[in-house]
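**Q** One structure follows; several queries about it will come next.
The values are calculated or read from the model by the stated rules, or taken from the named source; none is laboratory data. For clarity, every value in this text was computed on a predicted model and none was experimentally measured. A quick note on method: Cβ atoms are made from the backbone with ideal geometry, for glycine too, and the neighbour counts reach across all protein chains shown.
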């Protein structure tokens, strides 16, 4: 019995698998305005506050909604696709369009009145002050 041993470069193999998966996803997922995107985010904490950063490149400030109910932060946003002219053809796009929603529950109650939001250079920065005592808190935050 004879076996042929074929050595493959693992990097090229992984690259090939990735390319095939991307092609499959492109065929299955509708990358239109009704699709979704999941922006990168981080949550940090210190003794006095929670710090939440969400990368929202290309999203307009008026398309971002931030709400707090009790100790739950809800962030939603929409990145709308620009209208194309009739004589334009889209050949390639790696830009994520659509809407997203993220809910983050915190251990400590949030002091909504002393919390703040800032949206600059495509990054949403939310500073949520911790509350010393538990109260029923519900409101909508505005971006400065």
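**Q** Can you report the number of residues in region 59-72 which are at pLDDT 90 or above and part of a loop (DSSP other than H, G, I, E, B)?
**A** Qualifying residue count for the region: 2.
**Q** If I ask for residues that are surrounded by 10 or more Cβ atoms within 10 Å (Cβ to Cβ), assigned to a loop (DSSP other than H, G, I, E, B) and more than 15 Å from the chain's Cα centre (by Cα), which ones from region 73-122 would you list?
**A** 81, 106, 108, 109
**Q** Then there is this: Regarding region 124-135, can at least one residue be identified that is in a strand (DSSP E or B), free of Cβ contacts under 8 Å to residues at least 60 places away in the same chain and farther than 30 Å from residue 23 by Cβ?
**A** no
**Q** Would you confirm whether or not region 77-97 contains a residue that is in contact (Cβ under 8 Å) with a residue 24 or more places away in the chain, within 21 Å of residue 140 (Cβ to Cβ) and touching a strand residue (DSSP E or B) at 6+ places or on another chain (Cβ under 6 Å)?
**A** yes
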